[in-house]
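Each remark here refers to the structure printed beneath this line.
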Amino acid sequence: MEIVKETSPHIRRKDSLVRMMMDVIIALLPCIVFSFVLYPLEALKIYGISIPTMILSEFIYVLIKNKKPIDYINKTTFKEKFLFAVKKYRLSNFLVPLVSALIFSLIMPASASWYAIFVGALVGIILGKLVFGGTGSNIVNPAALGMVFSKLCFGSSYSYSKTPFFDVAASGTPLGSISTSISNINDYSLFDLFFGMVPGTIGETCKIAIICGGLFLLIRRAADWRIVVSYLLTFTVLMLGAALSVNSLNPSVGVFQFLGVNFFSGGMLFACFFMMTDPVTAPITSPGRFLYGALGASLTVIIRIFGALPEGAGFAVLLVNLVTPLIDYHKWSKEKFTLKNILPTLCIPAVCLVIVVLGVLYGGVIHA
Amino acid sequence: MIKKTTVISDTKRILGQLPTIKADVPSFIYIAMGNARCQKADLYVSNGDHVNCCQVIGMRHGAFFDQPIHATVSGTFVGFEKHYHRSGKLVDFIKIENDGLDTLDSSVKSRSEEEIEALSKEDVTNILKDCASVGLGGSSFPSYIKLQTNETINTILINGVECEPYITSDHRLMLEEPEAIIDGIRILMRAFSCHDARICVKSKYADLRGVYTELLKRYEGEGISLCPVGNYYPQGWELEMIKSALGISIPPGELPSKHGIIDFNVSTVYGIHQNVRMNKPVIERDISISGDGVCFPSNFKVRVGTPIKTLIEKCGGYKNPDIPKTFILGGPMMGASLPSDDCIITKTVTSVIVLNHSSYEEEPCIRCGSCVLSCPADLLPVDIMNAVKAVDKERIKALNPLKCVECGLCTYSCTSKIQVTDYVRRAKIFARLP
C-alpha cells in the first residue's frame, strides 16, 4: 500500500470553481429564456457571435500560455507542443469565458450589428481579461468593458425597437426618456417595467427574471450578499434623495413612482446581481465589499442623473473595478470592522447624496 | 462558494459513542530519544540493563528546559532503532523488551490526601518537572513552565473542546475518567490558589454536559463549573476558547496568564492527576484511530511506545489497500502527514487518521474571499499568497503572517483548491528574516 506525504490540512470543503460557474450560468437562465422569448432571432445572433468569440479567444490564450519546456535532445514537433497545451485546457477555461459571454450578450441591445457584438466581445475578453493573465487576474469585468467599448464606438447605431410583445407609444428606453427630462417618468407603467415589457437590451429588462437568478446566486453563495445589500441600500437612499428634490420642484412627480421607475428600469439590477458580484474584480474583505457596493451604487446614480448617456450601471461597474486595488491596499484593508473601515462606506454615499440633491435642485437637470 | 467555514463535516458522532479499548502492551516498546522541542538527549542505561516501569532512563535537553525520559514498561533495554516520530522526522528510539511484569519503579508512591493538601505551588511544579508532564493536546509544552508564572491566576480553563474532526480521544477520556479529571483540576486550583475553574466542552455534546453537571454537584462551592462553548472549528484554539468562555479577546502573541487566565488540555489534567497522586509519569494515553482508510475506527488506551502498525491491525487493517493513503498523526486539519506507517505512539499523539488520498487540481485564485472570511486570526491569506508569489518582503511583513496559527481553514475553504496554508507558512519564514 502506498502512503503519500502531503502538507496539512488533509481535507477540503466540497466546493469548486466549476460549481460556482455552473451556479452563475443557472442563475442567468431565466434572463436567457426571456431574451429568446422577446427577441428570438436577434438573441440567437448575439449569443452566436459573442460566445464563440470569447471561448475561442480563451482557447488560443491557453495554447499560447502553456509552452512545452524546451527539450534540447529531442526536437519537439508542432503536434507535441499543441497536444501539451491542449491538455492544459480545463473545464473552467470553457465555463469562465462562457459566463462572460452570456453576461455580455444580455447587456447588448437587439439592434446591435454583428460587427459591434464581435468587436465588443473581442475587446472585452482580450483587453479586459487575457492580457492581465486570464481567469482571476483581470482588473475589470470583461463583459462590462466589452459592452462599454461597443457602446462608445457603435452606440449611435443602436435603436431600441418595439417587439410584438409590447406596444408602447414612446420610442426609446425608459431611461432614455428620463434622460431627456428627469421628471419624465410616466411613459411606462411599473408593471411593464417589472415584467420587462419595455424596450431595452435583450436580457436586462425583465426584473423578475433577474431577481430570481440573483436570489439563486445568493442562496448558493456564488455571489457575496454584502455587495448586493450595500449596493441596493445605497441606490435606494440616493434615489430617495433625488426623488424628494424632484418632487419639491415638480409636485406632479410622485416620490414612490420616481423611485420605482428608477429601481426597475435600466441595467441597475442586472449589474448589481451579476456584474458587481464578480469576485475577481471585487475586494476581498467584508468591509471592503460594503464600500465597493456603496461606491458602485453612488456612481450609478450620479451617472444616471447627470450623465450624458441614459444608463450608468455598466460604466459604474467599470469605474469601481478600478478602485478595487485601492480598497484592497494591504495597509488599509482589514477583515475586522473598525470605525476606520466603516467610515468611508458611510461618508461616500453621504457626500454623493448631497451632490445628487444639490444637483437636482440647482443643476438644471429638470427641463420643464 | 463565498462563505465562512465554521463546521467541518466528520464522523465524530459515531466514533464518540465507541468505548475505549485497552490495547495489549506489545513485546517491544519504543521510546523517543529526542522530540520536536528537545533535540539532544543523554541515556543513563546501557545495553542489556534491566529497567523498571516509570524508571528514569535518560534526559532530553531542550532549548530552555530538561525533560526526563521514563521507561513505560519493565524489561530489558536492547538498543536503538530508527522510526518515525510524530514530528515527521526519523528519530532514534530506545527499544525495550517487555517482560510482561510491569514492575513499578520505587519512585512511584501514592500520596495521601493530607500530603496532597500540604503541597505548595513549588512542590507541584517540581513533581510535574520530574514526571515530564507536557501539554498532551499536541503542543508538548512543559506544564511546569506554565506553573512557574508569577502572575496571579484568576481562572483556569480546561480545554475539552477537541474541535478537530475525526478525533474523539479527549471526548472518551472525559466520559470515562471524570473523577480523575476533576481531581486534577482541584490540584491545579490549589496550586494556583484560584477559585474559578471552567471545563470547556462543545455545547453539542449532551453526554459530556450531563456527566459533568451531575458530578460537579458533589464539588459545589469549590468554583468548578462547566462551560459549554461553540461547536465550530477552531474553537479549541487557546485564544478562541478564552474568547468564547470568558469574553476576553487576547491579541495573538500575548500570554493568557498576563490576563489572569491559564488553560490546560483535559488529558494534561488527567496526567497531572496521575503525576501528583501517584508520582507516576504518563505511561498510557487515549488515542483514536479513524478515517476512511481503516476498516473499523476505534478508540484505544495504549502504552506510550506502542508501534502504530499493531493498532491498525486491531482496527481490521487498511480499507481498500490499493488506494493510496495519507497517514496523519493528529487531526486532519493540523496534523502531520508521515511518509510511512512505521511510527510510534508518543505521549502527545492524540490520534492516527488514515485517509484515502485525494489529489486536487489547483485552479487560478478567483479572489472569492472565503479564506479571508474564515481566517480566525483576521489575516488576509489571499493577499499573503500573492505577496509570497511576488517575493515582496515588505508587503509580507505588513500583512503580519506570524499571527497565523496554521489552522488550515484557508486551504480547507478555498474554492480553487489552492494550498493557501503552504504559502502562509512560507510567508512566516520570510517574515522572520531580518
Single match in A:L361, A:L322 (criterion: outside any loop (DSSP other than H, G, I, E, B), farther than 24 Å from A:T277 by Cβ and in contact (Cβ under 8 Å) with a residue 60 or more places away in the chain): A:L361
Tell me yes or no: at least one residue of the range A:107-124 is crowded, with 17+ Cβ neighbours inside 10 Å, assigned to a helix (DSSP H, G or I) and within 14 Å of chain B (Cβ to nearest Cβ). no
Residue list for the range A:325-341, restricted to those being facing chain B (nearest Cβ under 9 Å) and either under 20 Å from A:N141 (Cβ atoms) or β-branched (V, I, T) (or both): A:D328
Does A:I139 meet the test of being in contact with a Ser or Thr (Cβ under 9 Å, 6 or more places away or on another chain), within 14 Å of chain B (Cβ to nearest Cβ), farther than 19 Å from A:F270 by Cα and modelled with pLDDT of 90 or more? yes
Counting only residues that are more than 7 Å from every other protein chain (Cβ to nearest Cβ) and part of a helix (DSSP H, G or I), how many does the range B:348-372 have? 2
Test B:V73 against the criterion of being outside any strand (DSSP E or B), buried (at least 18 other Cβ atoms within 10 Å of the Cβ) and in the same structural domain as B:V302 (by TED's automatic domain parsing), and give yes or no. yes
Residue under question is A:T345, and the condition is that it be within 14 Å of chain B (Cβ to nearest Cβ), surrounded by fewer than 23 Cβ atoms within 10 Å (Cβ to Cβ) and in contact (Cβ under 8 Å) with a residue 60 or more places away in the chain; does it hold? no
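What residue, of A:F154, A:F104, A:F94, is at pLDDT below 90, outside the structural domain of A:V323 (by TED's automatic domain parsing) and in a helix (DSSP H, G or I)?
On the way: A:F104 fails: at pLDDT below 90; A:F94 fails: at pLDDT below 90.
The conditions single out A:F154.
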Being touching a His at 6+ places or on another chain (Cβ under 9 Å) and over 10 Å from B:V161 (Cβ atoms): is that true of B:I248 here? yes
Inside the range A:292-306, can you point out the residues that are in contact (Cβ under 8 Å) with a residue 60 or more places away in the chain and farther than 19 Å from A:L259 by Cβ? A:Y292
Residue identified as within 14 Å of chain B (Cβ to nearest Cβ) and among the aliphatic types (A, V, I, L, M) among A:V37, A:V86, A:V33, A:V96: A:V96
Matching residues in the range A:253-291 - criterion: being outside any helix (DSSP H, G or I) and within 14 Å of another protein chain (Cβ to nearest Cβ): A:M276, A:T277, A:D278, A:A282, A:P283, A:I284, A:T285
Just wondering, is there one or more residues in the range A:43-60 that are in the same structural domain as A:A85 (by TED's automatic domain parsing), farther than 20 Å from A:S113 by Cβ and among the basic types (K, R)? no
Condition check: under 30 Å from A:R220 (Cβ atoms) and away from chain B (no Cβ under 14 Å). Does A:A27 satisfy that? no
Please find, among A:K129, A:K81, A:K151, the residue that is within 14 Å of chain B (Cβ to nearest Cβ) and in contact (Cβ under 8 Å) with a residue 12 or more places away in the chain. A:K129
Within the range B:299-347, considering residues that are more than 13 Å from chain A (Cβ to nearest Cβ) and among the small types (G, A, S), the one nearest to B:I8 (Cα to Cα): B:G316
Run down B:A390, B:A427, B:A377, B:A398 and say which single residue is outside the structural domain of B:C315 (by TED's automatic domain parsing), crowded, with 24+ Cβ neighbours inside 10 Å and among the hydrophobic types (A, V, I, L, M, F, W, C). B:A427
Within the range B:373-400, of all residues that are in a loop (DSSP other than H, G, I, E, B) and within 8 Å of chain A (Cβ to nearest Cβ), the one farthest from the chain's Cα centre (by Cα) is B:L380
So which residues in the range A:1-24 are more than 7 Å from every other protein chain (Cβ to nearest Cβ), β-branched (V, I, T) and buried (at least 18 other Cβ atoms within 10 Å of the Cβ), if there are any at all? A:V24
Inside the range B:40-60, the number of residues satisfying the requirement of being exposed (fewer than 14 other Cβ atoms within 10 Å of the Cβ) and under 19 Å from B:L90 (Cα atoms) is 2
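The values are calculated or read from the model by the stated rules, or taken from the named source; none is laboratory data. Predicted model only: the values in this text are computed from it and were never measured. Here Cβ is always computed from backbone atoms with ideal geometry, including for glycine, and neighbour counts include all displayed protein chains.
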